[in-house]
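Every number in this text was worked out from the coordinates using simple rules, so none of it is lab data. Please read all numbers here as calculations on a predicted model, not as lab measurements. Quick reminder, even Gly has a Cβ in these numbers, built from the backbone with ideal geometry, and neighbours come from all protein chains shown.
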Amino acid sequence: MSLWLWILIACVLAYLTKLVGYFVPAKLLESPRIMHVAGTMTIGLLASLTVVNAVASGQGIVLDARIGALAAAAVALWLRAPFLVVVISGAAAAALLRLLGWG
Amino acid sequence: MSNRATPVRLRESPAFKVAVSLSIATGLYGVSFGALSVASGFDFWQTMVLSLLLFSGGSQFAFIGVVAGGGSGVAAMTASALLGLRNGIYGMQINAMLRPGGWKRYVSAHVTIDESTATASGQSDPDEQRRGFWTAGIGIFILWNIFTAIGALAGDAMGDPKQWGLDGAAVAAFLALLWPRLKGREPWAIAAACALATILAVPFVPSGVPILVAAVVAGVIGWFSHARLDEGLEPDLDPYAEKHRHGQGESK
């Protein structure tokens with residue numbers, strides 16, 4: 001039940017964040033530092049989420065089939081594949097490696 | 001969204017075309033969100049509420065990603081909220097661009113996401129900006145939710161998600177969200193520093209917290225490195241630039 005609570009709080013916060021932008025004086029947009037920090041944080045969070053999902057297992061670091069998924073996705077992105085193809089490549093690589101008995 | 005006579009017919013509108021293709025592409029990967037969410041232990045309605053009400057792809061993947069890694073609800077909520085901060089910036093930009101009034105402001109806030117903002121800011125004509133924003137916003141909202149439901153239902157019937165490599169799909173999804181933002185040396189350096197901080201933090205703090213450590217690292221780097229603005233580190237308004245280069249550089 002408490003997971004529901006956090007889901008709903010996350011939803012409210014997501015909407016309020018979007019809405020706040022519509023009521024903030026346009027001047028803040030001119031603050032380069034705020035814009036810059038928002039940009040670096042987005043990059044940092046996405047990089048961290050990628051790594052956590054690739055190698056973290058609880059509080060341990062594990063190298064398993066997910067590393068293959070990471071590599072396959074990187075290759076697909078390098079080849080400018082669309083999002084869905086990248087995601088499918090990741091899944092296929094992990095599934096294939098497990099089928100071959102690794103991870 | 002407007003019924004008045006316009007110089008360009010809808011089908012010939014460049015913003016409309018971009019918005020429709022982005023809606024289809026983005027909507028389709030709602031399938032992967034739906035399937036991953038169910039695989040991470042969320043039920044059908046929890047998954048749907050995230051797509052209907054939270055409605056911001058990165059934040060939704062973050063929420064289920066933290067829980068899938070064994071993190072707590074608080075950590076999931078925090079990661080999701082932090083990742084959604086950029087939507088506030090987008091809100092300011094759309095507000096400055098379109099000036100929606102009354103109730104429209106509250107609706108447009110909900111569909112203020114990467115893709116709708118990118119479509120609008122890729123156009124220079126105000127009518128085109130408006131069309132692009134609303135077509136992409138509403139189009140993605142509808143398709144994203146339909147495909148989330150399909151993914152959630154299919155995911156339920158699939159059995160062991162690891163056998164299908166769904167955890168690999170999550171890794172790929174996050175990398176794909178990050179990739180378009182890695183333009184130039186500084187974004188790469190920030191991504192590398194945050195990846196390293198994450199790995200170093202994993203053994204010492206509870207699940208989900210390493211992501212917040214990385215957010216702090218990124219924020220501190222951003223706070224002290226903002227001198228070099230020409231490197232495109234502001235929230236990336238147009239991560240899909242190769243799909244629609246029209247009017248770039250003159251908007252904002």
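The table below gives the values:
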item: The protein assembly as shown, dipole about Cα centre (Lys/Arg Cβ +1, Asp/Glu Cβ -1), debye to the nearest 20; result: 580 debye
item: Residues of the range B:18-38 with amide N under 13 Å of a point placed 7 Å along Cα→Cβ from A:LEU79; result: none
item: Neighbour-count order for B:GLU12, B:GLU186, fewest beta carbons within 10 angstrom listed first; result: B:GLU12, B:GLU186
item: Estimated inter-spin distance, B:TYR106 and B:VAL74, nm [label 7 Å along Cα→Cβ]; result: 3.2 nm
item: The range A:63-103, relative contact order in percent, only Cα pairs under 8 angstrom and at least six apart counted; result: 57 percent
item: B:LEU10 paired with A:LEU99, simple spin-label distance in nm, labels 7 Å along Cα-to-beta-carbon; result: 4.4 nm
item: Residue order, fewest to most surrounding Cβ atoms within 10 angstrom, among B:ASP160, B:ASP167; result: B:ASP160, B:ASP167
item: Relative contact order (%) - criterion: Cα under 8 Å, at least six apart; region: chain B; result: 31 percent
item: Cα convex hull volume per residue for the range A:1-59 (Å³); result: 104 Å³
item: Karplus-derived HN-Hα couplings along the range B:181-186 (A = 6.51, B = -1.76, C = 1.60, θ = phi - 60°), whole Hz, x at Gly and Pro; result: 8, 8, 10, x, 6, 5
item: Vicinal HN-Hα couplings computed from phi for the range B:53-66 (Karplus, 6.51 cos²θ - 1.76 cosθ + 1.60; Hz; Gly/Pro x); result: 9, 6, 6, 7, x, x, 5, 5, 5, 4, 4, 6, x, 5
item: Protection-proxy order for peptides B:170-183, A:57-70, B:103-116, each taking the mean of Cβ atoms within 10 Å per residue, highest first; result: B:170-183, B:103-116, A:57-70
item: Theoretical ellipticity at 222 nm over the protein assembly as shown - DSSP helices of four or more residues, -39500 (n - 2.57) apiece, nearest 500; result: -22000 deg cm²/dmol
item: Cα point-scatterer Debye curve for the protein assembly as shown, base-10 log of I(q)/I(0) at q = 0.07 Å⁻¹; result: -0.27
item: From phi via Karplus (6.51, -1.76, 1.60), per-residue ³J(HN,Hα) for the range B:81-87 in Hz, x at Gly/Pro; result: 5, 5, 5, x, 4, 4, 4
item: Ascending count of other beta-carbon atoms within 10 Å, so fewest first, for A:CYS11, B:CYS194; result: A:CYS11, B:CYS194
item: For chain A, average projected area of the Cα convex hull in nm²; result: 10.1 nm²
